[in-house]
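Each remark here refers to the structure printed beneath this line.
The values are calculated or read from the model by the stated rules, or taken from the named source; none is laboratory data. Note that this is a predicted model, so its numbers are computed, not measured. Methodologically, a virtual Cβ is constructed for each residue, glycine included, from the backbone with ideal geometry; neighbour enumeration extends over all protein chains shown.
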Amino acid sequence: MQLHIEKDQKEIKKHGNYEFPVHLSLEKIQSYEQDSFPWHWHPEIELTWIMSGQIEYFVNDKKYLLKEGEGLFCNSNALHSGYMKDGRDCNYLSVTFHPRFIYGYENSLLQTKYVDFITSNESWHSLMLETETAWHQDIIGQIQNIYQMSKTPPPDYELKVHLILAGIWQRLYLYYISLPVSGYRPKKHLARLKDILSFVQEHYAQELTLDEIAEHVNICKSECCRFFKKYMKMTIFEYILFLRVQNSLPLLREGESVTKIASMTGFSTPAYYGQIFKRYMGCSPSKYRREHMGEV
């Protein structure tokens, strides 16, 4: 399984629909290529409940190790990614919903007073829902209620889901307004980070240089390297190689030749492509293609 993202890392996926903008999905980290899902963002709020195992979860510049019974609130538009930890699979439930599901219509008092000032604050991008904190576990319990209802939806399913998510949002709102004022300070790094990711996504198949990337975001090369590694936990060129391998996978499944794919995804030679591919995927491109031919 692969996430489909636009060049600015926005996920291309429907999280429900306009009439009912809520989406539930059972996930396994092992089902993703490379046992991880890449950095992406979406306007929907996301609630995660860890059903078994553990996962290394990144949101903007924050790293979490989430274990069975724990959960996570991920704010609207926050960059996030997840990775297998210690070779153990992780089963988790993801509940995503658009903020308008809480406030109803544009410029309503619910939107301006209770939602927008939270979803627009880059400083408060996430909150770990811990087993030791009672109100955190109350939220986990409500997520579980939604999951159980979804198996055999009652006649008033959508209304019940709305009431539950509004209640969860109320708990998050009350916690948010209790934070010290310093917690409201906006951060400027997210726009820069998205700008770098967008530029790399657009040009990954070309011969990218650090000079070009740094010039694009108007900072020096050393600051560009330091900044990227601080927030992404990998170097720029590690990320470029990761992205090139990720983008080569659909081409292999379509049956393209290794030589052509190497050229299409920015690798200097097929041999170098094979070397990097094996580092990330644990097998050769040819073997991967044989095992996955015909998959979309």
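With respect to I164, is the statement that it is at pLDDT below 95 and of a type outside the set (D, E, K, R) true? Break it down into steps so the answer makes sense when it comes.
Details: at pLDDT below 95: no; of a type outside the set (D, E, K, R): yes.
So I164 does not fit the description; no.
List the pairs whose first member sits in segment 117-131 and is charged (D, E, K, R), whose second member is surrounded by fewer than 18 Cβ atoms within 10 Å (Cβ to Cβ), and whose Cβ atoms are under 7 Å apart, counting only residues at least 6 apart or on separate chains?
E122/P186; E122/K187
Tally up the residues in segment 193-248 that are over 21 Å from T259 (Cα atoms), of a type in the set (S, T, Y) and in contact with a Lys or Arg (Cβ under 7 Å, 6 or more places away or on another chain), please.
Of segment 193-248, the ones over 21 Å from T259 (Cα atoms) are 193-202, 209-239.
Pick out the ones that are also of a type in the set (S, T, Y) and you get 198, 209, 222, 231, 235, 239.
This time we only want the ones that are in contact with a Lys or Arg (Cβ under 7 Å, 6 or more places away or on another chain), so: 198, 235.
Qualifying residue count for the region: 2.
What's the number of the condition T112 fails, among (1) in contact (Cβ under 8 Å) with a residue 24 or more places away in the chain; (2) farther than 21 Å from H23 by Cα; (3) polar (S, T, N, Q)?
It is condition (1) that T112 fails.
Looking at (1) closer than 23 Å to H40 by Cβ; (2) modelled with pLDDT under 90, can you tell me which one G282 breaks?
(1)
Residue-wise test of (1) closer than 23 Å to Y273 by Cα; (2) of a type outside the set (S, T, Y); (3) crowded, with 19+ Cβ neighbours inside 10 Å; (4) in the same structural domain as G82 (by TED's automatic domain parsing).
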position	(1), (2), (3), (4)
A205	yes, yes, no, no
L210	yes, yes, no, no
I213	yes, yes, yes, no
V217	no, yes, no, no
E223	no, yes, no, no
K229	no, yes, no, no
M234	yes, yes, no, no
L243	yes, yes, yes, no
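Please tell me if T131 is exposed (fewer than 15 other Cβ atoms within 10 Å of the Cβ) and either in a loop (DSSP other than H, G, I, E, B) or not assigned by TED's automatic domain parsing to the domain that holds Q54 (or both). Explain how you work it out, then say what you get.
Working: exposed (fewer than 15 other Cβ atoms within 10 Å of the Cβ): yes; either in a loop (DSSP other than H, G, I, E, B) or not assigned by TED's automatic domain parsing to the domain that holds Q54 (or both): yes.
So T131 passes the test.
Residues of segment 19-61 being free of Cβ contacts under 8 Å to residues at least 60 places away in the same chain, part of a loop (DSSP other than H, G, I, E, B) and surrounded by fewer than 18 Cβ atoms within 10 Å (Cβ to Cβ), which ones?
Once the filter is applied, which keeps residues that are free of Cβ contacts under 8 Å to residues at least 60 places away in the same chain, part of a loop (DSSP other than H, G, I, E, B) and surrounded by fewer than 18 Cβ atoms within 10 Å (Cβ to Cβ), segment 19-61 yields E19, Y32, P43.
One residue is enough: does segment 178-192 have a residue meeting the conditions without any contact (Cβ under 8 Å) to a residue 40 or more places away in the chain, over 29 Å from V22 (Cβ atoms) and touching a His at 6+ places or on another chain (Cβ under 7 Å)? So that I can check it myself, show each step before the final result.
Filtering segment 178-192 for residues without any contact (Cβ under 8 Å) to a residue 40 or more places away in the chain gives 178, 180-182, 188, 191-192.
Within this subset, residues satisfying the condition of being over 29 Å from V22 (Cβ atoms) are 180-182, 188, 192.
In the following step, the residues that additionally are touching a His at 6+ places or on another chain (Cβ under 7 Å) were identified as none.
Among the residues of segment 178-192, not one is without any contact (Cβ under 8 Å) to a residue 40 or more places away in the chain, over 29 Å from V22 (Cβ atoms) and touching a His at 6+ places or on another chain (Cβ under 7 Å), which makes the answer no.
Quick grid of which residues meet (1) more than 28 Å from E238 (Cα to Cα); (2) surrounded by fewer than 17 Cβ atoms within 10 Å (Cβ to Cβ); (3) basic (K, R); (4) at pLDDT 90 or above:
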{"position": "L109", "(1), (2), (3), (4)": "yes, yes, no, yes"}
{"position": "V115", "(1), (2), (3), (4)": "yes, no, no, yes"}
{"position": "I118", "(1), (2), (3), (4)": "yes, no, no, yes"}
{"position": "D156", "(1), (2), (3), (4)": "yes, yes, no, yes"}
{"position": "P180", "(1), (2), (3), (4)": "yes, yes, no, no"}
{"position": "R185", "(1), (2), (3), (4)": "yes, yes, yes, no"}
{"position": "K188", "(1), (2), (3), (4)": "no, yes, yes, no"}
{"position": "A191", "(1), (2), (3), (4)": "no, yes, no, no"}
{"position": "D195", "(1), (2), (3), (4)": "no, yes, no, no"}
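Here are R100, R88: which of them is surrounded by fewer than 18 Cβ atoms within 10 Å (Cβ to Cβ) and within 27 Å of D195 (Cα to Cα)?
On the way: R88 fails: within 27 Å of D195 (Cα to Cα).
So the residue among R100, R88 that is surrounded by fewer than 18 Cβ atoms within 10 Å (Cβ to Cβ) and within 27 Å of D195 (Cα to Cα) is R100.
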